[in-house]
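The values are calculated or read from the model by the stated rules, or taken from the named source; none is laboratory data. For clarity, every value in this text was computed on a predicted model and none was experimentally measured. Positions of Cβ are generated from backbone atoms using ideal geometry, with glycine treated the same way; all protein chains shown enter the neighbour counts. What goes into the accessible areas is simple: the full protein's heavy atoms, side chains included, and nothing from ligands, DNA or RNA. Shrake-Rupley method; radii C 1.70, N 1.55, O 1.52, S 1.80 Å.
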Protein chains: 2
Amino acid sequence: MMELTRKGEYAIRGIVYLASRPMDQVCLLSDIAAAVEVPPTFLAKIFQQFSKIGLVKSYRGTGGGFIIGRDPEKITLLEVVEAVEGPIVPNRCAIREGECPRDASCTIHPVWLNVQKQVRSILKKVTLRDLAANTTSLPT
Amino acid sequence: MMELTRKGEYAIRGIVYLASRPMDQVCLLSDIAAAVEVPPTFLAKIFQQFSKIGLVKSYRGTGGGFIIGRDPEKITLLEVVEAVEGPIVPNRCAIREGECPRDASCTIHPVWLNVQKQVRSILKKVTLRDLAANTTSLPT
DNA sequence: ATCTTAGAAGATATAAAAAGTCTTTTAGGG
DNA sequence: CCCTAAAAGACTTTTTATATCTTCTAAGAT
Ligand code: SF4
Ligand code: SF4
């Protein structure tokens, strides 16, 4: 239960790798995919999503590729996960009040709200900077 | 992300209802299904699973049906959820150490372990007695 | 200008899981 | 022996996940 999809896992691996690279160094998608062992075409789709919302910046053409969208310290794991997996909702009724007609009287409802809150809280406290291994100075 | 399946939701609704009934009163599956608004055939499958592990007791034939397997205070929401949804694992690496070859050096790994721990902790603290609305004295 | 490089966008394909149904069998009463 | 109700397992349908492919667009190199 509650399992992250491959997409989510790949997304995190990819952007964490990117966050560990210097911001002035444009990374080829193929290089990122190889480094984090993810199917390149799949990672491309994921990074397109990231690009749209500014989590990464993309450059086309020769010398193109990706860099991180902003300071890794300002990007939380929560943001990354929700960007590709959608909002964290342990059950439908956690989407919004009234989503389940039973929620007003349901004794289980508050439990899911609590789960949602706790999980979001954990993921929000972790930034890409925390996650980026110090590979900044590694060879290309 | 992290969404409970219908099966899980139905399972909880069903067993919570059962927990709210007096233990000496055998409940028809069809009645339970109607009360919690779940497809009867689907709930049947779920209760078969519960029966195997003793969460509910089943009786066949005339006057048959289901009762709760043991004191609702002794059954946690965690147990119920894991019975039908499997273990709570926010990511593969939370299944067991070594499941992901990267886990030893992975900076994200501990985050998922933490998520898993917190969620399990929340669900473990909630018993079926807490969840059972006081419908014990309602008409059949 | 045009060629090459590399990402964007969208369609498509495959596979797996979820959701639900149906049929046959077994057990327990009347 | 007949009726009731659950057990067991096969089966169907739908949805989601996973992945790839093709065409298009932007940017630098020649
Ligand atoms: S837990 Fe309660 S409120 Fe939430 S979906 Fe289930 S019935 Fe509805
Ligand atoms: S978070 Fe790290 S250890 Fe867990 S599955 Fe992903 S790479 Fe493996």
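Per-structure values
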quantity	calculated
Only one of B:Pro87, B:Pro101 that is at the interface with another protein chain (Cβ under 10 Å from one of its Cβ atoms) and modelled with pLDDT under 95	B:Pro101
Count of residues meeting criterion [more than 12 Å from A:Met2 (Cβ to Cβ), surrounded by 17 or more Cβ atoms within 10 Å (Cβ to Cβ) and facing chain A (nearest Cβ under 9 Å)] in the range B:107-119	3
Count of the range A:49-87 residues which are in a loop (DSSP other than H, G, I, E, B) and crowded, with 20+ Cβ neighbours inside 10 Å	3
Subset of the range B:28-43 [more than 11 Å from DNA strand C (Cβ to nearest atom) and either in a helix (DSSP H, G or I) or open to solvent by less than 10 Å² (accessible area, probe 1.4 Å) (or both)]	B:Leu29, B:Ser30, B:Asp31, B:Ile32, B:Ala34, B:Ala35, B:Val36
Pair list, Cβ < 8 Å and 6+ apart or interchain, from the range B:60-79 residues that are within 14 Å of chain A (Cβ to nearest Cβ) to residues that are open to solvent by less than 30 Å² (accessible area, probe 1.4 Å) and within 16 Å of DNA strand D (Cβ to nearest atom)	B:Ile75/B:Ile15; B:Ile75/B:Leu55; B:Ile75/B:Ile68; B:Ile75/B:Gly69; B:Glu79/B:Leu55
Restricting the range A:18-35 to residues that are in contact (Cβ under 8 Å) with a residue 24 or more places away in the chain and either of a type in the set (Ser, Thr, Tyr) or within 14 Å of DNA strand D (Cβ to nearest atom) (or both), the residue that is farthest from the other protein chains (Cβ to nearest Cβ)	A:Val26
Residue in the range A:110-117 that is assigned to a loop (DSSP other than H, G, I, E, B) and modelled with pLDDT of 95 or more present	no
Some residue of the range B:65-74 being touching a Pro at 6+ places or on another chain (Cβ under 8 Å) and β-branched (Val, Ile, Thr)	no
Answer from B:Ile46, B:Ile12 - the residue that is within 14 Å of another protein chain (Cβ to nearest Cβ), touching a residue at least 12 places away in the same chain (Cβ under 8 Å) and not in a loop (DSSP other than H, G, I, E, B)	B:Ile12
Residue list for the range B:93-106, restricted to those being hydrophobic (A, V, I, L, M, F, W, C) and either open to solvent by less than 80 Å² (accessible area, probe 1.4 Å) or closer than 14 Å to A:Glu3 by Cβ (or both)	B:Cys93, B:Ala94, B:Ile95, B:Cys100, B:Cys106
Residue that is farthest from ligand 2 (Cβ to nearest atom) [pool: residues in the range A:82-113 that are without any contact (Cβ under 8 Å) to a residue 60 or more places away in the chain and within 27 Å of A:Ile15 (Cα to Cα)]	A:Ile95
